[in-house]
Amino acid sequence: LAGRLGLEAAGRVTGPIGRLAIAAHTVRDGDLTVRVPVTGAKDEVYALSQSFNAMTEQLSEQRNALIQAREVEEDRRRFVETLLAEVSAGVIRMDGNMVVTLANRSAGDLLGIDAIEDGESLGAVAPDFVRYAHDTLQQNS
């Protein structure tokens with residue numbers, strides 16, 4: 001009788017722990033929709049199951065928010081690039097290190113350059129503007 005009670009008690013713990021382990025492997029593989037059943041006595045395993053489900057729900061929400069933010073940013077980038085392609089004025093955007101992060105075709109045409117690539121230094125594509133860009137950066141810092 002004591003042996004049977006021991007096996008039954010062990011099964012009550014190992015079953016939920018086993019389901020948690022399988023669910024953890026599923027999350028590791030990228031599936032954040034997995035949930036574990038929260039049943040039985042309100043003990044440590046019950047609390048762990050609840051915490052696991054809350055964690056995967058929160059991770060899923062954060063992942064979805066990041067994906068949505070990336071999509072919004074990509075849409076904005078495409079919009080700006082499309083807009084700049086249609087503008088006749090030359091436009092060059094650079095970062096604080098005077099590295100080109102965006103330039104339209106008109107900027108290249110006005111400077112007599114076939115194309116201005118992202119990542120080029122402003123000094124390489126428009127050396128005459130470096131002093132003005134430097135002064136502007138200094139004023140804005």
Value of [θ]222 nm, deg cm²/dmol, for the chain, DSSP H segments ≥ 4, -39500 (n - 2.57) each, nearest 500: -22000 deg cm²/dmol
Residues with amide H under 5 Å of L102's amide H, sequence separation 5 or more or different chain, H placed in the peptide plane at 1.01 Å from N; which? R93
For the chain, the per residue accessible area (1.4 Å probe, Å²) is 73 Å²
Tell me the carbon and sulfur percent of the accessible area for the chain, rounded to whole percent, probe radius 1.4 Å. 56 percent
Sort 126-133, 72-79 for me by packing, meaning the mean count of neighbouring Cβ atoms within 10 Å per residue, highest on top. 126-133, 72-79
Pop out the ³J(HN,Hα) list for the range 19-32 in order, Karplus 6.51 cos²θ - 1.76 cosθ + 1.60 with θ = phi - 60°, rounded to Hz; leave Gly and Pro as x. 5, 5, 5, 5, 5, 5, 5, 5, 5, 4, 7, x, 8, 8
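The values are calculated or read from the model by the stated rules, or taken from the named source; none is laboratory data. Computed from a prediction, not measured in an experiment: that's the story for all the values here. Cβ: placed from backbone, ideal geometry, glycine included. Neighbour counts: every protein chain shown. Accessible surface is based on the protein model in full, side chains and every heavy atom, while ligands, DNA and RNA are left aside. Shrake-Rupley method; radii C 1.70, N 1.55, O 1.52, S 1.80 Å.
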